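Data first, discussion second: the structure below is written as structure tokens.
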Amino acid sequence: MPSDRPDDVEQHLDAIERHIHAARGDIDTTADVSVHDFRIPTGNELRALRKTCGLSVDEVATQIPYEATTVRNVESGTNAPGRALIQTLLRLYRMEWPRGETYE
């Protein structure tokens, strides 16, 4: 299925997915996966982004196809987020980001 995203975005997302699988032990870690190729937001960073947007976990869950417990588990570090969840959260937070606010 063709994607509307530029090739570099697809390659970056593929690298994130490979890294997640490597971190979970699902694939050979000697593959071409390097933490220097990209950076996955930590649970604490995702929580900070959500709070900057003024959203509660329950409010986030009503706007995405994931349950509040999934968001909580990712933010606490209990579960590693998959590619689709990262994309979904970052897309939502970008839409909800307060004008003039910066993230450090």
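A few comments on the model shown:
- Considering residues of the stretch 81-104 that are of a type outside the set (Asp, Glu), loosely packed, with under 11 Cβ neighbours inside 10 Å and part of a loop (DSSP other than H, G, I, E, B) only, the residue modelled with the lowest pLDDT: TYR103
- Residues of the stretch 51-75 satisfying the condition of being hydroxyl-bearing (Ser, Thr, Tyr) and either part of a helix (DSSP H, G or I) or modelled with pLDDT under 85 (or both): THR52, THR62, THR69, THR70
- Taking the conditions (1) open to solvent by 90 Å² or more (accessible area, probe 1.4 Å); (2) assigned to a helix (DSSP H, G or I); (3) modelled with pLDDT of 75 or more in turn, THR78 satisfies each one other than (2).
The values are calculated or read from the model by the stated rules, or taken from the named source; none is laboratory data. Fair warning: this is a prediction, and the values are worked out from it, not measured in the lab. FYI the Cβ positions are ideal-geometry reconstructions off the backbone, even for glycines, and counts take in every protein chain you see. In case anyone asks, the SASA skips ligands and DNA or RNA and just uses the protein heavy atoms, side chains included. Shrake-Rupley method; radii C 1.70, N 1.55, O 1.52, S 1.80 Å.
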